[in-house]
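A.B. asks: For reference, the structure I am asking about is given below.
Laboratory data are not the source of any read-out in this text; all were calculated from the coordinates shown. Fair warning: this is a prediction, and the values are worked out from it, not measured in the lab. Cβ: placed from backbone, ideal geometry, glycine included. Neighbour counts: every protein chain shown.
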Amino acid sequence: MKETLQQMADLAIAEATASNTKFGEYNSLHEAWAVLFEEVDELKDEMRKKQIEEPIEFYHPEMRSPTAIKKEAIQIAAVALRIAQDAERMAMK
């Protein structure tokens, strides 16, 4: 079932909240950019994997996984939300 944009936004907010609790605020714009870049790079890697031609019963690391793509996209959204939340504070450093 395809999730709604609101459901995706809720997942991104939950990810951002958990990440902020676990790691704390970003120390600088440079750190925030590095985290965002890493997540984008991970999404790129997932999207470049081989397309699955038919449903399979198992996950193979060389095959494209919609679940992994969604996970990485949500993590990018979470990082972007954290940057937006702390932009004023970080810009003053």
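A.B. asks: Using the basic label-point model (7 angstrom from Cα toward the beta carbon), what is the GLN51 to ILE69 distance in nanometres?
C.D. replies: 0.9 nm
A.B. asks: Please compute the contact order of the chain in relative form: average sequence separation of alpha-carbon pairs under 8 Å and at least six residues apart, divided by the residue count, as a percent. Provide the component values of the computation, followed by the final result.
C.D. replies: Working: 62 pairs, mean separation 41.3, N = 93.
For the chain, the relative contact order is 44 percent.
A.B. asks: Under 19 Å Cα-Cα from LYS44, which lysines qualify once same-chain neighbours fewer than 8 residues away are excluded?
C.D. replies: Correct list for LYS44: LYS70, LYS71.
A.B. asks: Right, another one. Could you give the length gained on full extension between ASP86 and ILE13, defined as 0.36 nm per residue of separation minus the Cα-Cα distance, in nm?
C.D. replies: Numbers: separation 73, 0.36 × 73 = 26.28 nm, distance 1.42 nm.
Extra length available between ASP86 and ILE13 comes to 24.9 nm.
A.B. asks: Can you pull the one-decimal nm distance between simple spin-label points at LYS2 and THR21, each 7 Å off the Cα toward Cβ?
C.D. replies: 3.2 nm
A.B. asks: Which entry in [x] 12.7, 35; [y] 12.7, 39; [z] 15.4, 51 matches Rg and Dmax of the Cα atoms in Å derived from the coordinates of this structure?
C.D. replies: [z]
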